Amino acid sequence: LAMEMLSAANIVGSAEFVEVNTVLDHGNQTAKVAVALIGSLLGEKMF
């Protein structure tokens with residue numbers, strides 16, 4: 001919801017997402033969440 005609100009406000013000029021430890025990422029869940037958050041920030045609805 002926060003990312004959708006930032007997208008709607010059109011005030012974000014840049015964003016940085018950092019790497020994660022893939023050894024500890026079970027089922028690639030962290031990558032899936034990161035993709036969803038980035039999509040949401042770019043205007044995609046999560047639900």
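For the chain, what is the calculated [θ] at 222 nm in deg cm²/dmol (nearest 500), taking -39500 (n - 2.57) for each run of four or more DSSP H residues and dividing by its residue count?
Per the formula, -13500 deg cm²/dmol.
Taking a quarter of the surface of the convex hull around the Cα atoms of the chain, what do you get in nm²?
Value for the chain: 3.6 nm².
Taking the beta-carbon count within 10 Å as an exposure proxy, list I11, I38 from fewest neighbours to most.
In order of increasing Cβ crowding within 10 Å: I11, I38.
From the backbone phi of region 2-16, what are the Karplus-calculated ³J(HN,Hα) couplings (6.51 cos²θ - 1.76 cosθ + 1.60, θ = phi - 60°) in whole Hz, Gly and Pro given as x?
Running phi through 6.51 cos²θ - 1.76 cosθ + 1.60 with θ = phi - 60° gives 4, 5, 5, 5, 5, 5, 5, 6, 6, 10, 8, x, 7, 8, 10 Hz.
Describe numerically, in nm with one decimal, the distance between label points set 7 Å from Cα along Cα→Cβ at V23 and at L37.
2.2 nm
Cβ under 15 Å from S40's Cβ, S40 left aside: what net charge do those residues give with Lys, Arg +1 and Asp, Glu -1?
That works out to 0.
Bear in mind these aren't lab numbers, they're just calculated from the coordinates by the rules spelled out. Note that the structure is a prediction, hence the values are computed from the model and not measured. All Cβ positions, glycine included, derive from the backbone under ideal geometry; neighbour counts span all protein chains shown.
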